[in-house]
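The values are calculated or read from the model by the stated rules, or taken from the named source; none is laboratory data. Small disclaimer: the values here were computed from a predicted structure and weren't measured. Because the Cβ atoms are built from the backbone with ideal geometry, glycine has one as well, and the counts that use them run over all protein chains shown.
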Amino acid sequence: MNKKPIKEQKAEKEDALRTWIEKKVNLAHEWIDNEKKQKSRGIIRGGIYMCELGENVGAEQGEYRPALVVSNDTINSTSGNVSVIPLTKNLKKKVIKDKQGNLVKVLDQPRLSSHYFLKKGKYSFLDHDSAVLGEETKTISKVRIGEHKGNIDSGDMDRIITRVKWVYGI
């Protein structure tokens with residue numbers, strides 16, 4: 001893998017952060033102008049929404065991407081904030097290797113205990129098969145939430161919450 005020089009990486013990140021600051025100011029203004037409307041938005045647990053997570057630092061999930069709402073519906077209907085888990089199309093799958101370390105098989109299940117796969121075949125509103133990143137749970141302002149893509153079923157939601165509990169040692 002050919003990496004850019006560190007100086008170039010830093011300059012690109014600074015540019016991206018400056019752009020994000022402008023977007024964040026606009027979101028803050030939108031919140032100030034429409035706080036009551038934002039708080040009353042009918043965001044639902046188990047819904048997948050497009051969310052503006054901003055510019056990341058390190059390995060955080062950022063950008064405008066789908067995220068699953070995991071906070072309860074009482075909070076979702078009264079608070080200005082909701083808890084979400086970002087999705088990614090980068091599926092880290094479990095692999096089986098032989099004693100010499102050679103790849104034998106790639107399984108269609110998450111390599112990491114905190115991830116859960118949602119399949120486009122089951123959820124046609126997804127653009128890709130996606131991994132729910134349980135270790136990336138975030139609380140965000142409702143003003144960051146955009147289009148509602150669809151809802152997942154209660155069985156998948158229960159399995160995702162089991163993974164979030166594992167993340168927090170609950």
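Here are the numbers for the structure shown:
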quantity	calculated
Any hit, segment 151-170, residues being part of a strand (DSSP E or B), surrounded by fewer than 19 Cβ atoms within 10 Å (Cβ to Cβ) and not polar (S, T, N, Q)	no
Subset of segment 66-84 [surrounded by fewer than 17 Cβ atoms within 10 Å (Cβ to Cβ) and of a type outside the set (Ser, Thr, Tyr)]	72, 73, 75, 80
Single residue of segment 104-150 satisfying the filter (part of a loop (DSSP other than H, G, I, E, B) and in contact with a Phe, Trp or Tyr (Cβ under 7 Å, 6 or more places away or on another chain)) that is surrounded by the fewest Cβ atoms within 10 Å (Cβ to Cβ)	113
Long-range neighbours under 6 Å by Cβ, at least six apart or interchain, first residue without any contact (Cβ under 8 Å) to a residue 40 or more places away in the chain and over 22 Å from residue 23 (Cβ atoms) within segment 117-145, second surrounded by 13 or more Cβ atoms within 10 Å (Cβ to Cβ) and aliphatic (A, V, I, L, M)	117/131; 120/126; 135/167
Single residue of segment 45-70 satisfying the filter (over 21 Å from residue 126 (Cβ atoms) and either touching a His at 6+ places or on another chain (Cβ under 7 Å) or of a type outside the set (Val, Ile, Thr) (or both)) that is modelled with the highest pLDDT	54
Qualifying positions in segment 147-170 - more than 10 Å from residue 46 (Cα to Cα) and polar (S, T, N, Q)	162
Pick from segment 31-52, criterion closer than 18 Å to residue 139 by Cα and assigned to a helix (DSSP H, G or I), ranking: farthest from the chain's Cα centre (by Cα)	35
